[in-house]
Amino acid sequence: MTVDSTTTRTDAGRPIAPTLEQVAERAGVSRSTASRAINGGLRVSPEALASVEAAVAELGYTPNRAARSLVTRRTDSIALVVPEPDDRVLSDPFFAGTLNGLSSALSDSDLQLVLVIARPGDSARTIRYLRNGHVDGAIVVSHHRDDALDQALRQSHLPNVFVGRPLSEGDTQYVDTDNVAGGRIATQHLIDLGRRRIGTIAGPLDMSAGIDRLAGWRQAVTAAGLSEAAVVHGDFTIASGASSARRLLEDHPDLDAIFIASDLMAAGALGVLAELGYDVPGDIAVVGYDNLGVATSTNPALTTVIQPVAAMARAAGERLLEQLSGGYADAPLIFAPELVIRASA
């Protein structure tokens, strides 16, 4: 009676996993050829590659990931780097949308996603982790000037893509929305409604989104001959939107419209406006930015600019996969903003 070696069992009755040697024997190739075929197919003929793939399928062979990494120098994992506090990562719908889009990009690959939260003031440890070979590449979101991740990754040569324009000059790949245009169309909508005293709650000036959306607001009010004095800054959170709205209205109580650079900040500001007795949009019209889930749950529902977070993250993931395969896209990918009109303006 002939016994197939793949059915060999231990004394405890558990089947022994097939080995690379058995795959090579079944495919009729050498062990080194089988290894190369399994680890990328370099210097392997199409016929040998097909034979090895068939043997792997027939035997149910699973490569030893630790041994494979020694051969390929790959970890089969990429990092999603978020330089924000833990509580914000877990509560801000922007990051949920990012995870959704990136997971979609990786769904047909064997890559694992590692979440790396780079807490403020602790970017040096994150940079060491990324440089020390723990991951094959990185996607960076919510980049701040002081985290220096753009410069560090450029020097490390680790494949990377940013979601959001990096602040330093260089050839870093990134995916973004045209935030200047987004701020401009949001403000122009308020102007077209007849509003003439338009303030803004801008984002932080250490992030490109904060800088660019403010620039778009300024372009629109300047072109219309309106004042650009009514500016305060928040940090894209609900709490900062509320506190910023109080400051803005204390300094400029005659405002009849506010462009707010994120939906979360707009949600906080709407609560303050209601508390202070302002009717929205009757007394003050409000436009936000992002079109995240909160935009439809505010009272009133929020007119806002679409930032396609999931699509941006998916595109960033696809570009990173392209880099890992030896390709490179020189030009950034910029999504055009769109305005969604609801009850707030």
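The values are calculated or read from the model by the stated rules, or taken from the named source; none is laboratory data. Model, not experiment: these values are computed from the prediction. Heads up, the Cβs are rebuilt from the backbone with ideal geometry, glycines too, and the neighbour counts pull from every protein chain shown. Areas reflect the complete protein model, heavy atoms only, side chains present, ligands, DNA and RNA absent. Shrake-Rupley method; radii C 1.70, N 1.55, O 1.52, S 1.80 Å.
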Practice task
Taking each pair of different alpha-carbon atoms in the chain once, compute 1/r for the pair, average those values, and report the inverse of that mean as the Kirkwood hydrodynamic radius in Å to one decimal.
Solution key: 22.9 Å
Problem - Reduced Cα scattering model of the stretch 73-150, Debye log10 I(q)/I(0), q = 0.12, 0.14, 0.15 Å⁻¹ - result: -0.33, -0.45, -0.52
Problem - Two-decimal log10 I(q)/I(0) for the stretch 47-191, as the Debye equation yields it once each C-alpha is a single scatterer, q = 0.12, 0.17 Å⁻¹ - result: -0.63, -1.02
Completion exercise
Given the candidates 61, 77, 96, the one whose Cα lies deepest towards the positive end of the charge dipole of the chain, counting +1 at each Lys or Arg C-beta and -1 at each Asp or Glu C-beta, is 61
Exercise for the section: Before rounding to the nearest 500, sum -39500 (n - 2.57) across all DSSP H runs of length at least 4 in the chain and divide by the residue total; then give [θ] at 222 nm in deg cm²/dmol. Expected result: -13000 deg cm²/dmol
Problem - Under the Karplus curve 6.51 cos²θ - 1.76 cosθ + 1.60, θ = phi - 60°, whole-Hz ³J(HN,Hα) for the stretch 287-297, x wherever Gly or Pro sits - result: 10, x, 8, 2, 6, 7, x, 5, 5, 9, 9
Problem - Rg to Rh quotient for the stretch 127-171, alpha carbon positions, Kirkwood Rh - result: 0.91
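Taking the Cα centre of the chain as the origin, how large is its charge dipole in debye, to the nearest 20, when only Lys and Arg (+1) and Asp and Glu (-1) carry charge on their Cβ atoms?
780 debye
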Exercise for the section: Using only Cα positions of the stretch 108-150, each an equal point scatterer, no hydration layer, compute I(q)/I(0) via Debye at q = 0.17, 0.29 Å⁻¹ and quote the log10 values to two decimals. Expected result: -0.49, -1.22
Practice task
Would you mind telling me which residue in 101, 282, 268 has the biggest mean-square fluctuation in a Gaussian network model of the chain, where springs connect alpha carbons within a distance under 10 angstrom?
Solution key: 282
Completion exercise
Rounded to the nearest Å, the spacing of the alpha-carbon centers of the stretch 178-246 and the stretch 154-170 is 27 Å
Handout entry: List 324, 149, ordered by accessible area with a 1.4 Å probe, largest first
Key = 324, 149
Exercise for the section: Using label points projected 7 Å from each Cα along Cα→Cβ, tell me how many nm separate residue 32 and residue 124, to one decimal. Expected result: 4.6 nm
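Give the relative contact order (percent, whole number) for the stretch 258-345; include only Cα pairs under 8 Å separated by 6+ residues.
33 percent
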Practice task
For the stretch 231-340, build the convex hull from the C-alpha positions and give me its volume per residue in Å³.
Solution key: 111 Å³
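Just how many % of Cα pairs in the stretch 277-345 lie over 13 Å apart, if you round to the nearest whole percent?
Distances greater than 13 Å cover 69 percent of the Cα pairs.
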Practice task
Would you mind checking which residues have amide H under 5 Å from residue 80's amide H? H placed 1.01 Å from N; only 5 or more apart, or other chain.
Solution key: 114, 115, 116, 139
Fill in the blank from the handout: Sorted by chain and number, the residues with a modelled amide H under 5 Å from that of residue 345, at a separation of 5 or more or across chains, are 286, 303
Completion exercise
Contour minus Cα-Cα span, residue 328 to residue 155, at 0.36 nm per residue, comes to 60.6 nm
Exercise for the section: Quick one: compute the contact order of the chain, relative version, from alpha carbon pairs under 8 angstrom and 6+ residues apart, as a percent. Expected result: 15 percent
